[in-house]
1. Just to verify a result, which residue in region C:115-134, among those that are closer than 19 Å to A:Gly130 by Cβ and in contact with a helix residue (DSSP H, G or I) (Cβ under 8 Å, 6 or more places away or on another chain), is nearest to the other protein chains (Cβ to nearest Cβ)?
2. So which residues in region C:503-515 are surrounded by fewer than 22 Cβ atoms within 10 Å (Cβ to Cβ) and in contact (Cβ under 8 Å) with a residue 24 or more places away in the chain, if there are any at all?
3. Just a yes or no: is a residue in region B:104-118 more than 16 Å from the chain's Cα centre (by Cα) and surrounded by fewer than 22 Cβ atoms within 10 Å (Cβ to Cβ)?
4. Restricting attention to region C:400-415, does a residue exist that is among the small types (Gly, Ala, Ser), outside the structural domain of C:Lys39 (by TED's automatic domain parsing), within 20 Å of A:Lys159 (Cβ to Cβ) and surrounded by fewer than 18 Cβ atoms within 10 Å (Cβ to Cβ)?
5. Got at least one residue in region A:37-54 being over 16 Å from A:Tyr265 (Cα atoms) and facing chain B (nearest Cβ under 9 Å)?
Amino acid sequence: MANQFERWHPLTQFIYFLTVIVIMTVKLNPLITLVTFFGLALLGFLIARGDFLKMSARFFLPASLIAIVINPLFSHEGATILAYFPDGNPFTLESVLYGIASGLMICGMCFLFYSFNTVMTSDRIMYLTGRLFRTLSLIISMTLRFIPEFKRQLDKVKKAHRCLGLKQSRLKDGIDIMNSMIMWSFEKSIDRSDSMRARGYGIRRRTSFHIFTFTVRDIYYIALMLIVSGWYLTMLFTENIYVTFYPLFYYGGNLILSIISYVLYSVLVLLPSIDIILEEIKWKSLQ
Amino acid sequence: MFENYYLISCIIIILSFIPFMVMLERRKPHAREIMLVAVLVTITVLSRAVFFMIPFFKPILAFVIISGIGLGARTGLLVGTLSAFISNFMFGQGPWTVWQMLALGLCGFLAGLIFSGRYDEGKLHTVLVCIFGFIAAVVIYGGIMDTYTALLYMGNMTKQSFFAIYLSGLPVNLILGICTVLCLALFTKSMARKLRRVKYKYNM
Amino acid sequence: MEIITVDNFSFRYPDSKNDSLNNINIGIDEGDFVLICGKSGCGKTTLVKNLKPVMIPNGTSSGRILYRGKDINTLSPEGAAINIGYVMQDTDTQIVTDKVWHELAFGLENMGLGNKLIKRRVAEISNYFGITEWFDKKTSELSGGQRQILTLASIMVMKPEVLILDEPTSQLCEVAASELVSILKRINEELSTTIIMIEHRLENVFSVADKVLYMEAGKVTAYGATKDVAAIMAKSDYIDAMPASARIYKGTGLHGGNIPLNIRDGRRYVKKYFVSGLEKKNFDEKDFCTDTSFLGKILKDKKEKKEDCIISLSEVSFRYEKTGADIISNLSMNVRKGLITTVVGGNGSGKTTLLSVMAGLLKPYRGKIRTEGKIAMLPQNPETLFSRDRVYDELSMVFSKENDKNLIHRLVCDMAEKFDIEHCLDMHPYDMSGGEKQRTALAKLLLTSPELLLLDEPTKGFDYYHKKKLGSILRNLVYEGMTILIVSHDTEFTAKYSDVCMMYFNGGIVCRGTPFDVFKGNSFYTTAADRIAGDYFGNALTVEDVIEECLKITT
C-alpha cells in the first residue's frame, strides 16, 4: 500500500527530511517547532495511521515530556523567577518555555524519524550512499542479505544445540552457539567471495545499478525545498527572524519577512502530506 | 548565534567520516576483504540475538573491538560504524544514529590501533584487551552517547547539567562495560583463532 | 570448433603426494552439453575449477587448457569473467546481495556498465527466466528452486559462452531439480551456450547431455557420446550409482545393444526380454498390505502394547501461528523400539516440523506425546552441530569436565572408529567432506547416549556410496539396540534399509506398514525399480528384487 510520498525519488525524500531537520534544529524557534510538530504528526498519521498513534502515545510523547521536565531543573537562567528550588536555585518562566519548545522539537524529531524509517527503506538508503560510496553501499547490501540468513541458521543451531541436551549454564550455551555461528559465517564467506570474483568483482571500477526514476516533479519539489530552506536560513542569519529565550523570551526581527518565512516553511513541511491527500482526492473523483 | 549545538556537532561528525569513506572507495578493496567486513558486521549486529536469553547482555561493542584487533584500525572503524548504522536499520534510525556510529567506530579504530600489531605477532594479552574494553565502554561509548543526550535535551549547557547526565548514565555504562569485558574474555582468543584460519584460507 | 581444449593437463594440490588430475585430454565443442561423473574424490571439481581462471585452486599443474585456442591463463580478466560462468554447489552462498534485481545486476555492475544498459539486460534476463513476478523481492524470501534460478540468471545475464555447474541440483527437491535441468537444456538449445555439468543424480541428466565424461581417480576413463560412455560406465563399478534401469540392465546380463537410462526405456527393456508373455497385474483393494512376513503381520495388528513403542503421538496438532494453517493435524503414530522407521512424504509437507515436535523443540497445541528415554536429532545440515575448531573437541565437548579424561578419550576414540572418522579427529570440522561431517554429527549425538535417533533427510545431496555407508551404519546401530526414525523422500533408501514405513501427507499419517506394503500399491510415489517392473512382478520392490525375478524367468 504505497502512498504518493513513498513514490518520490529517494533523493527528493532525503532532501525533505534533511531540510526539515536542519531548519528545526538550527535554532530553537517555538513557531517553527509548532509547525513541524503538527505537520509531521499529520504526515506520520497519513503514512501509518494506527501504528503511528500507538508509537506516539507510547514513546514519542513521553520522551518529549522528559525534556520539558528536565530543562527547568537544570537551567536556572532567565529573568522571570517563578519560585525557588530547595537548594536555592531559581525556577524561571524562561526555562519552562525553553523546556516546552525543546520538548516539542524532540517530539517532532521522533515523528520525523518515524516517517523516515517507514519511507526510506534500505534499498533507498543504499541508493543514496551508492551514488557516492559504491563499496560502502555494496557492503551494506551484502550485510542486509546475510542478516536473514544468519537468523535462520541461528534458529537451526539453537534447536540442534537444545537437542544435544547438555547440562550447562545458559551463558555456556550462548558461547557454544555463538562460536558455531561465527565459524559458519566465516566458512560460508569464503565461497561467497569466490562467487563475487567469478562474476568479475574487482576487475574494473564498479557502477551502481538502481531502479528509481527521477521525474520532473522531483525537480520542482527539490527546487522548492532548497529555496525555502535557503530563504529561512538567510532570514535567520540576517536577524530578520529573531528569537531569544534568555534572559527574557523575546520575538523580534522583521514582522512581514518572518510571516513569509513561516508560511513558506509550512508549505515545505506539509508538501508530502498535501501530495498524499491530493492523490486520494483524485482517486476518489476518478471512481 | 546557536544555542543548540546538536546540529553542528552532527554535521562535524558526518564530515569527519567522509575522508575514511573516500579512502575506502579509493583503495578498491578486495572481494575477500569486503566480504569479511560484511560478515563481521552481521555477527556484531546479531550477537545480541544469540544471547537473547540473558538479560542486559550486549556483546556488540566487544565484537567491534575484536574486529579491530583482528583486522586493523581501518577495518575496525568500518565494522563499528556500519554495525551501528545497520542495527538501526532493524530498530529504526533516530537522532542517535550518527553518534552511535561515531562511538562504535572510534572504539573499533582505537582497538585496531593499539592491539592489531600485537595480534599479528601473536602476543595478544586478553587482560589488556579486557581493560581496554572496559574503558572503551564506560568512557568512549558511554561518554559519547551521554554527550548526545545532553546536547539533544539541553540547549544551554552548564557543567552541572552535563555532570548530572553523565552520572545518570553511569549504571548503564557500567553494565555495558562488564558485558564487554566478559565477552572479550570469552571470545578474543577463539575469534582470533577463527580469523587466522579464514585469513589463511583466503590467502590474506 | 573446440571451445575448450584440455591438453595433457595434470594437477596436484600443495600437500598431496599424488596428482589429483592425471594427464587429462579432452576437447569440448561449442554448444556441447557435457556431463561429468565419477565417484566423489575422482577430481571432477578440481577439473572444472581449472576451467575458470579465478577459481583455479592452489597447486602445481602441467599441460595446458586452451579457450578458443588460447591459453586460458592469458585471457583478459573481463573476458574470463564474462565468457565463463561458474555455478557452485551451494546456492545459498552464491547470492551476494539482498534484492533480486540487485543480484541480477551484480555482474554487470562489476563490468562497469551504465544504468540504462544494465536495466535492459536485467529486463531481458528476467523475462527469459520468468523472474518478473519476484523481481522486487528480497533474496531471503525465495524458495530453494527460485534461488537456484536466480543464481543461474545472475550468471547468464553476462552472456557467457560456457556455463560450468558443480552439482547444481544436490540441494534441490526432485521437482525443482528436474525443472532446473530443463532450463539448462533450454539455455543449451536456444542460446547455444556450452554447458559443462557435474552431477550425481543421473536420472534427469542422462537424457539431456550430448556427451559424458567419466572419471576415475583423476583420469579420464571414457569421454564421448552419452550412450557409449554409459555403456562403459555400466561395466565399471560405478554401475551402483547409475539409474535403476541401467542397474537392471547390467544385473540381467546386458541384453541388446542399448543401455536403458530412464524408466521408460527400462520398462521397454524388461518387457522385451523378460515379461513379453506375462500379464500386467492390476492391484485392487485386497492386494494392499499383502506383506505376510512376521513384521508385516505385527504392524497390521491394531492394538499395540505401550511398552513396545518408544514414542507415541496421539491426535497431535501443531501450527506456527495462531491464524495459520495446521502443519500437523490430529496425527497419531507409534514408533516401535529397535527398528528403523521411515516417514516418507513430499517436500515442504512439514516432515521437519514433525521431527521437531517429536524432539520436543516445538510444542503442539493439542494432543499428547508419550516418550521413553532420551531423544537425539540429526538436523539436515550437520554443520549446525559444530561449535569447536577441532573434531576431537567437537566430540569431547559432550562430556562435562568433571569426567575422567582417559575415559572421555577412550569413548571419543571408540566412537570415531565406529563411524570411520578417526582420520579426521585433528581436522577442522569444516575441512571434512559432506559425508564425514554427517558421520561426525552422528557420533556426537550418540555420545549423549540417546535411545531414539531422529534423522532429517539424511540422504539429501549424497551419492550412492555415501548412502550405502550410512545405511549400514544405521543397521548396525539398530542391531545394538537403538531405535531410529528417519524422515526422507528417498524411496530407494527407504525400501532398502528401513523396517517400517509411514506415508505422511497433509499433516497426518496416510498409511503404515513395511516398505513393501506402503510402496507396492503406489505408482508415483515408489521406487524406480517398482515403476519399471513392479506391475509385472508382485513382490519386487528394489533393483535386486527385479533382477532376481527376471533371472527366474530366463532359467
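The values are calculated or read from the model by the stated rules, or taken from the named source; none is laboratory data. Values in this document were obtained by computation on a predicted structure and should not be read as measured data. Here the Cβ positions follow ideal geometry from the backbone for every residue, glycine too, while neighbour counts run over all protein chains shown.
1. Step one: list which residues in region C:115-134 are closer than 19 Å to A:Gly130 by Cβ, which gives C:115-119, C:121-122.
Then drop every residue that is not in contact with a helix residue (DSSP H, G or I) (Cβ under 8 Å, 6 or more places away or on another chain), which leaves C:117-118, C:121-122.
Details: C:Leu117: 9, C:Ile118: 5, C:Arg121: 10, C:Val122: 8 Å.
Top of the filtered list is C:Ile118.
2. First, pick out the residues of region C:503-515 that are surrounded by fewer than 22 Cβ atoms within 10 Å (Cβ to Cβ): C:503, C:505-512.
Result: C:Met503, C:Phe505, C:Asn506, C:Gly507, C:Gly508, C:Ile509, C:Arg512.
3. yes
4. The initial filter retains those residues of region C:400-415 that are among the small types (Gly, Ala, Ser), namely C:400.
Checking the rest, the ones that are also outside the structural domain of C:Lys39 (by TED's automatic domain parsing) come to C:400.
This time we only want the ones that are within 20 Å of A:Lys159 (Cβ to Cβ), so: none.
Among the residues of region C:400-415, not one is among the small types (Gly, Ala, Ser), outside the structural domain of C:Lys39 (by TED's automatic domain parsing), within 20 Å of A:Lys159 (Cβ to Cβ) and surrounded by fewer than 18 Cβ atoms within 10 Å (Cβ to Cβ), which makes the answer no.
5. For region A:37-54, residues over 16 Å from A:Tyr265 (Cα atoms) and facing chain B (nearest Cβ under 9 Å): absent.
Condition check ((1) facing another protein chain (nearest Cβ under 10 Å); (2) over 30 Å from C:Met55 (Cβ atoms); (3) among the charged types (D, E, K, R)) across all residues:
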position: B:Leu40; (1), (2), (3): yes, no, no
position: B:Lys58; (1), (2), (3): no, yes, yes
position: B:Gly80; (1), (2), (3): no, yes, no
position: B:Asn88; (1), (2), (3): yes, yes, no
position: B:Trp99; (1), (2), (3): no, yes, no
position: B:Gly108; (1), (2), (3): no, yes, no
position: B:Ile114; (1), (2), (3): no, yes, no
position: B:Gly117; (1), (2), (3): no, yes, no
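Yes/no matrix, rows are residues, columns are (1) facing another protein chain (nearest Cβ under 8 Å); (2) assigned to a helix (DSSP H, G or I):
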site: A:Lys167; (1), (2): yes, no
site: A:Ile182; (1), (2): yes, yes
site: A:Ser195; (1), (2): yes, yes
site: A:His210; (1), (2): yes, no
site: A:Leu236; (1), (2): no, yes
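Condition check ((1) within 23 Å of B:Gly177 (Cβ to Cβ); (2) among the aliphatic types (A, V, I, L, M)) across all residues:
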{"position": "B:Val127", "(1), (2)": "yes, yes"}
{"position": "B:Cys130", "(1), (2)": "yes, no"}
{"position": "B:Gly133", "(1), (2)": "yes, no"}
{"position": "B:Ala136", "(1), (2)": "yes, yes"}
{"position": "B:Ile140", "(1), (2)": "yes, yes"}
{"position": "B:Ile144", "(1), (2)": "yes, yes"}
{"position": "B:Thr149", "(1), (2)": "yes, no"}
{"position": "B:Met154", "(1), (2)": "no, yes"}
{"position": "B:Phe163", "(1), (2)": "yes, no"}
